[in-house]
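Right, one structure below, let's go through it.
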Amino acid sequence: ILTDLNNTKNRFISILSHDLRSPLTGINGLLEILCKDFDSFSDEEKKQFLSGIYDSTKNLTSLIENLLQWSKLQQGRYELIPNNIYISQLVNNIIDLYKLSIATKKIQIHTDINPEIKVKADENFLSLILRNLIDNAIKYSNEGGSISIIAKNVNRFIEISVSDTGIGIDSETLSKLFKIDENIRSKGTKNEAGSGLGLLLVKEMVEKSGGTISAKSTPDVGSTFTFTIPAVQ
């Protein structure tokens, strides 16, 4: 068991180390160009450079946050604090975080969530789960695409799905999504980096919250990720 845990840790860190280099290289490269020839660029060109730096910084922040949470989980240092959470409010707050990315790709966001639906969950866990899934949906959506977020009661659980009309996932890759020993690194539609580590963390957090997660996808049509969280009884 200890050997398996060490192998998992080493694999996770190896993938993450590779992915951390990409946004850092992007930030350094853009800043170097700006510093050397700042006065020669138009205001519009400067905005484009700053937008690229912002995107790389956001990606870097997401990777680091996933690493910190995963580390706490592996060491048993994360104490779950379940609270009653209104799904609609949390989803709207997360969508606000991605306003710029959504606007840049001209993505339409659709939500179908009764404002009275509540779940019993750790808010940090649930927020990170939704942020990873919504971030992926944006990342793999084409310009002008759409994303739907739906929540409904299913027995004693709330079933939440995040669907996109993006590039989709082939069946072979789909079968590897939640496995640490598989390399499923892929690029988004605007060349955004993707390693699949967020989905590994999502799966672990969903299961520790007492739920399950699944995915279905069709290439060039889109993907849907569905997870369950205990409802407030």
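Specify the residue that is modelled with the highest pLDDT; the eligible residues are those in region 150-209 that are among the small types (Gly, Ala, Ser), assigned to a loop (DSSP other than H, G, I, E, B) and at negative phi. My answer is 166. One residue alone among 91, 119 is outside any helix (DSSP H, G or I) and β-branched (Val, Ile, Thr), and that residue is 119.
So that you can scan it fast, the table gives a plain yes or no per residue for (1) at pLDDT 90 or above; (2) charged (D, E, K, R); (3) farther than 19 Å from residue 225 by Cα; (4) assigned by TED's automatic domain parsing to the domain that holds residue 204:
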{"position": "46", "(1), (2), (3), (4)": "no, yes, yes, no"}
{"position": "57", "(1), (2), (3), (4)": "no, no, yes, no"}
{"position": "66", "(1), (2), (3), (4)": "no, no, no, no"}
{"position": "88", "(1), (2), (3), (4)": "yes, no, no, yes"}
{"position": "92", "(1), (2), (3), (4)": "yes, no, no, yes"}
{"position": "97", "(1), (2), (3), (4)": "no, no, yes, yes"}
{"position": "105", "(1), (2), (3), (4)": "yes, yes, yes, yes"}
{"position": "111", "(1), (2), (3), (4)": "yes, no, no, yes"}
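Among the residues of region 106-121, those identified as more than 13 Å from residue 85 (Cα to Cα) and surrounded by fewer than 17 Cβ atoms within 10 Å (Cβ to Cβ) are 106, 108, 110, 111, 112. In the set (1) under 23 Å from residue 229 (Cβ atoms); (2) touching a helix residue (DSSP H, G or I) at 6+ places or on another chain (Cβ under 6 Å); (3) hydroxyl-bearing (Ser, Thr, Tyr), residue 127 fails one condition alone, (2).
Sort through 150, 167, 138 and tell me the only one that's touching a helix residue (DSSP H, G or I) at 6+ places or on another chain (Cβ under 6 Å), in the same structural domain as residue 90 (by TED's automatic domain parsing) and of a type outside the set (Ser, Thr, Tyr).
Testing whether each residue is touching a helix residue (DSSP H, G or I) at 6+ places or on another chain (Cβ under 6 Å), in the same structural domain as residue 90 (by TED's automatic domain parsing) and of a type outside the set (Ser, Thr, Tyr) leaves just 138.
The values are calculated or read from the model by the stated rules, or taken from the named source; none is laboratory data. Values in this document were obtained by computation on a predicted structure and should not be read as measured data. Neighbour counts are summed over all protein chains in view; Cβ atoms, including those assigned to glycine, are modelled from backbone coordinates with ideal geometry.
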